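The values are calculated or read from the model by the stated rules, or taken from the named source; none is laboratory data. Since we're looking at a predicted model, the values are computed, not measured. FYI the Cβ positions are ideal-geometry reconstructions off the backbone, even for glycines, and counts take in every protein chain you see.
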Amino acid sequence: MPMSTLPDKGTMYHALVRRDSAFEGVFFAAVKTTGIFCRPTCPARKPNREHVEFFRSTRDALYAGYRPCRRCNPSELPLRLPALVKRLGELIDRSPSGRITGGRLRELGIDPSTARRQFQRYYGMTFQAYHRARRLGLALREVRGGSSVIGAQIGSGFNSSSGFYDAFRKVFGAPPSRAGNASCLLARWIETPLGAMLALADERGLHLLEFVDRRGLENEILALRTRTKSAIVPGTNRHLETVADELKGYFEGRTFRFTVRLAAGGSAFEKGVWKLLRGIPPGRTWSYERLAKKLGAPGAARAVGRANGRNCLAIVIPCHRVIRADGTLSGYGGGVWRKQWLIEHERRPTAPEGTNP
C-alpha cells in the first residue's frame, strides 16, 4: 500500500472554503477550537486558517483526538450514514472514556456483529476499534498539545473536560494534575509520513515508540506503567528530542542510524533477539529461522517471532526487517502496509549506508 500524501495546506484550506467536491476523500479538516473534523464539502461555517489542521483519513483524525462532525458525517467512503452507526456514535460521544461491551450492546437491542459490520463498512474499522480510537485519541490529544495539566473545558462536544480527563487517567494512569507526585515517564507525539507515533522516555532512555493506531497500544502502556511504577505525562527530554530528530532523518532518507539511548524491558531472550534486530542492515531482511540460528537456538523460530512482536520500539529496533522464510511479509503491529513501505524506503537507491549501532 503506497503512502498517501496530502496537498499543501494552502490548497487544502482554499478547497475547504470553496467546499470543493474534487477533494472528497483526499483530506479531512479538523478544527482545533471545536475538536471536530469534517469533509472538505462540509456546509458548516469555515474557521480561520490558523485553527485548521488536515488529515489523510478519519482514523488519523480520531487518534489526534477529534470527533466526527454530525453535519457532514465524514467517512472514508461517500456513504450515507446508517441510523445504527449514528446511534452508536452518539453513545460513544456521551461516554467516550467508558467501555461498551457486546453485552451492553445487546442490552440496548443492538447485535454486536451488525455493529461491527456497519462500522467496518462506513469507517473502515470495527465499532470497538472506533471506540478505542476515540478513547485513546482523547488522551493522546493532551500529549499532542504538550501541556502537563488538563486545562479548562475541551471544546469537543462535551459539557466539561471530564471525558478527556477520564480518558487520560484510564490510558496513562495518574491524572496529569497529580502526576508530579509520582515517578514520571514523559510522553511526546511525533508526526511522521506514515502517521503519528507516541514516544515515552525518562532519564534512563526511550521506553516506547509506537504508531498511535497500533492495536494493543493501551496494553503496552499499561505494562510499561506497571514495570516502571510511573505515571505518564506530556513533556519532552533529551532522549525524546533525539529520537524525534533521528526519525526525521530516517524518513527523509538522510540516515538510518539511531543513537538514542534505549531503556527497553524484556527477558534476556527477548533482549538477545532485539540486539540482533539492530544488526540487520537497512534494506535487508532476515527470516525468523535465521535469527534463531544466530541466537544458537535453531528450533526457536516461533519464540523469536513472539519476541519480535513484543518489541515496543518500532523502527529504532527494526522488527519490520524480519519476514517469513518463503520471503512473504508477516504481521506487523503498525500494519503490514507500513512494514512494506519501510522495507522499500530503505532499499531506495538514494538510501544511506550504515546500520544501527
Note down all Cβ pairs under 8 Å where the first residue falls in segment 200-221 and is under 13 Å from Asn311 (Cβ atoms), the second is at pLDDT below 90 and assigned to a strand (DSSP E or B), and they're at least six residues apart or on different chains.
-> His207/Leu185
In segment 255-271, is there at least one residue being closer than 14 Å to Ile190 by Cβ and either surrounded by 18 or more Cβ atoms within 10 Å (Cβ to Cβ) or over 23 Å from the mean Cα position of the chain (by Cα) (or both)?
-> yes
When segment 82-99 is examined, which residues are found to be at pLDDT 80 or above and either assigned to a loop (DSSP other than H, G, I, E, B) or over 18 Å from Cys69 (Cβ atoms) (or both)?
-> Leu84
If you go through segment 288-327, how many residues are over 14 Å from Arg278 (Cβ atoms) and assigned to a helix (DSSP H, G or I)?
-> 12
Segment 34-66 - residue that is in a loop (DSSP other than H, G, I, E, B) and of a type in the set (A, V, I, L, M) and, of those, surrounded by the fewest Cβ atoms within 10 Å (Cβ to Cβ) = Ala44
Among the residues listed as Gly283, Gly249, Gly272, Gly265, the single one being at positive phi and in the same structural domain as Leu194 (by TED's automatic domain parsing) | Gly283
Residue that is modelled with the lowest pLDDT [pool: residues in segment 120-140 that are hydrophobic (A, V, I, L, M, F, W, C) and within 14 Å of Gly89 (Cβ to Cβ)] = Met125
Quick check: anything in segment 50-62 without any contact (Cβ under 8 Å) to a residue 40 or more places away in the chain, among the hydroxyl-bearing types (Ser, Thr, Tyr) and not assigned by TED's automatic domain parsing to the domain that holds Arg215?
-> no
Scan of segment 1-29 for residues that are under 23 Å from Arg71 (Cβ atoms), of a type in the set (Gly, Ala, Ser) and either in the same structural domain as Lys339 (by TED's automatic domain parsing) or modelled with pLDDT under 90 (or both), ordered by number = Ser21, Ala22, Gly25
Looking only at segment 256-286, which residues are in contact with an Asp or Glu (Cβ under 8 Å, 6 or more places away or on another chain) and either at pLDDT 95 or above or under 21 Å from Leu198 (Cα atoms) (or both)?
-> Phe256, Arg257, Phe258, Thr259, Val260, Ala263
Those residues of segment 318-341 which are among the hydrophobic types (A, V, I, L, M, F, W, C), within 18 Å of Val212 (Cβ to Cβ) and either crowded, with 22+ Cβ neighbours inside 10 Å or not assigned by TED's automatic domain parsing to the domain that holds Leu247 (or both) amount to Cys319
